[in-house]
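Report on one structure; see the data block that follows.
The values are calculated or read from the model by the stated rules, or taken from the named source; none is laboratory data. Every value quoted in this text rests on a predicted model; they were computed, and no experiment measured them. Neighbour counts are summed over all protein chains in view; Cβ atoms, including those assigned to glycine, are modelled from backbone coordinates with ideal geometry.
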Amino acid sequence: MNQLISTFQRQQGQFWQALLQHIQISLISIFIAILIAIPLALLLRRYPKIAEVILQITGILQTIPSLALLGLLIPFIGIGSLPAIVALVVYAIFPILQTTYTGLNQIDPSLTEAATAFGMTRRERLMKFELALAMPFIMAGIRTATVMVIGTATLAALIGAGGLGNFILLGINSNDVNLILIGAISSALLAVIFSAALKFLERAKIRFIIISFFLGLVLLGGSYYQPQTTKHPQITIGGKLGAEPSILINMYKDLIEKNSNIRVNLKSNFGDTTFLYNALKSNKIDIYPEYTGTITSTFLKNTTKSTDPAEVWKEAAVGIQKLNNMVYLSPMKFEDTYALAVKTNFAKEKKITTISELAGLSNINAGFDLEFANRSDGYKGLQSLYGLNMNVKTMQNSLIYGALNSQSVDVAEVYSTDSQIKQFNLTVLKDDKGLFPPYQAAPLMNASLLKKYPELENILNKLAGKINDSQMVEMNYDVSVKQDDPAKVAKNFLKAQGLY
């Protein structure tokens, strides 16, 4: 419990921002779903046969896995809040539509006949007693949809929309149970609070419910208002999940703000490679640190197989400029490349220091993530170049170190600057045949940004050739294991190097 409280205190700034994002995404989705589902239910009441078809369709949409739905939406509407809201609206419509339609249909027909006999119009019947009688059903549907949306909204973090899911993803990525608990408990409490508030509204009059609805819309709109606090130009820098990207983007921020009048907004733990790259192309962010090997292997086609860091960077810089008119500045020294690691006692027992020597062992269990297991510079390359044939267990990247530490696997895919190498006392096997390409980090941005702010090139290139592997491992260890603030770690390094 003490560790949980301590972690929360360190993450307070990010927590309140994530909580606001989570509430915004959830409420927007619920309001849109209400505005669609209730009028649709009123319309479908006149057409029972069509109503059954529509209810079946909305029910089927609910069965689509949320991750699959997000993946389907990305090619059409990009990343960020919009696809997350669309997906949540899809999930929220069915319970509201179904309960509203059921509530309206359970009204005694004799009441409708009597009201008609007294000369009431359809609108008067609806406002005088039909909505009032159906309201318990309607509110039950809204409560169900709200709880479901708040829980599902944690997945919005996967596509750069923020929210409490950021804590869950970061906790999984860094194997930190406290971060996972902060995200999960907060999301659950939020769902309980909103469910209780809606339960209270069930007993209120229709006029009060309608007023509350529009008041909620006003407050939601107000939550997006951000007064302009500075006249300085501003840019946004994003970072992938994990300690290392967070450290790097804080270095970028410090250097830019120290050496120019530009102010920097940071989006740390913004997502994985695909989301950062798409966000850069759509100008949702202005800069993010990318790795040379990632650009050549993921974004470019017909690349060379060179393992020379300078040649790979040049190929990445030229290729990405031709592909999307992006500028790739000079890289730092360290190489956060793929590597194979074993427990140090295992390495000593088997007398191995290289991947070639690993090939001489039999019945080796390996832990790889799904991407590495199917990459030509991953397990497929290990098979063809080194002749390795292992019993491969595929798992989520953040679980690999735990499996290796508990000896569930003998060898695992790692990144060469991961803090867990020091934390778990691992031995990284030498890639003696040069399978893994260099992965040096450097700022990636659109050419239009550099044209607008040409000073950024000289400022960010102050990090070129800086930070070796051991320094990066140490900084990652400080953030991931010792729970130091990435901003503090970044600033301390810049001061030590005379750059701040």
Can you tell me which of Ala339, Ala310, Ala317 is within 26 Å of Asn476 (Cβ to Cβ), in a strand (DSSP E or B) and either among the hydroxyl-bearing types (Ser, Thr, Tyr) or out of contact with any Asp or Glu (no Cβ under 6 Å at 6 or more places or on another chain) (or both)? Ala339
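Can you say whether Lys466 is surrounded by fewer than 19 Cβ atoms within 10 Å (Cβ to Cβ), in the same structural domain as Asn261 (by TED's automatic domain parsing), more than 26 Å from the chain's Cα centre (by Cα) and closer than 18 Å to Leu280 by Cβ, as far as the supplied structure shows? Can you show your working first?
Numbers: surrounded by fewer than 19 Cβ atoms within 10 Å (Cβ to Cβ): yes; in the same structural domain as Asn261 (by TED's automatic domain parsing): yes; more than 26 Å from the chain's Cα centre (by Cα): yes; closer than 18 Å to Leu280 by Cβ: no.
Taking the combined requirement at face value, the residue does not satisfy it.
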Keeping to the stretch 270-289, report how many residues are surrounded by 24 or more Cβ atoms within 10 Å (Cβ to Cβ) and among the β-branched types (Val, Ile, Thr). 2
Filtered residue count, the stretch 290-336, keeping only those that are touching a Lys or Arg at 6+ places or on another chain (Cβ under 8 Å) and either of a type in the set (S, T, N, Q) or crowded, with 21+ Cβ neighbours inside 10 Å (or both): 3
Quickly run through the stretch 247-281 and pick out the residues that are assigned to a loop (DSSP other than H, G, I, E, B) and either basic (Lys, Arg) or more than 17 Å from the chain's Cα centre (by Cα) (or both). Ser260, Asn261, Ile262
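Residues checked against (1) under 30 Å from Ser110 (Cβ atoms); (2) of a type in the set (Val, Ile, Thr); (3) outside the structural domain of Ala87 (by TED's automatic domain parsing):
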site: Leu133; (1), (2), (3): yes, no, no
site: Ile142; (1), (2), (3): yes, yes, no
site: Ala145; (1), (2), (3): no, no, no
site: Gly160; (1), (2), (3): no, no, no
Select from the stretch 43-92 the residues that are under 30 Å from Glu130 (Cα atoms), outside any helix (DSSP H, G or I) and not hydroxyl-bearing (Ser, Thr, Tyr) and list them in ascending order. Arg45, Arg46
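Listed here are the residues, each with its yes/no results for (1) surrounded by 22 or more Cβ atoms within 10 Å (Cβ to Cβ); (2) modelled with pLDDT under 90.
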{"position": "Ile79", "(1), (2)": "yes, yes"}
{"position": "Met127", "(1), (2)": "no, yes"}
{"position": "Ile150", "(1), (2)": "yes, no"}
{"position": "Ile159", "(1), (2)": "yes, yes"}
{"position": "Leu170", "(1), (2)": "yes, yes"}
{"position": "Val177", "(1), (2)": "no, yes"}
Inside the stretch 120-191, counting only helices (runs of 4 or more DSSP H) that do not spill past its ends, which hold 1 or more residues that are closer than 21 Å to Ser29 by Cα? 131-152, 165-174
Quick check, is Val86 surrounded by fewer than 16 Cβ atoms within 10 Å (Cβ to Cβ), modelled with pLDDT of 90 or more and more than 27 Å from Lys205 (Cβ to Cβ)? no
In the set Phe270, Phe299, which member is assigned by TED's automatic domain parsing to the domain that holds Leu449, aromatic (Phe, Trp, Tyr) and free of Cβ contacts under 8 Å to residues at least 60 places away in the same chain? Phe299
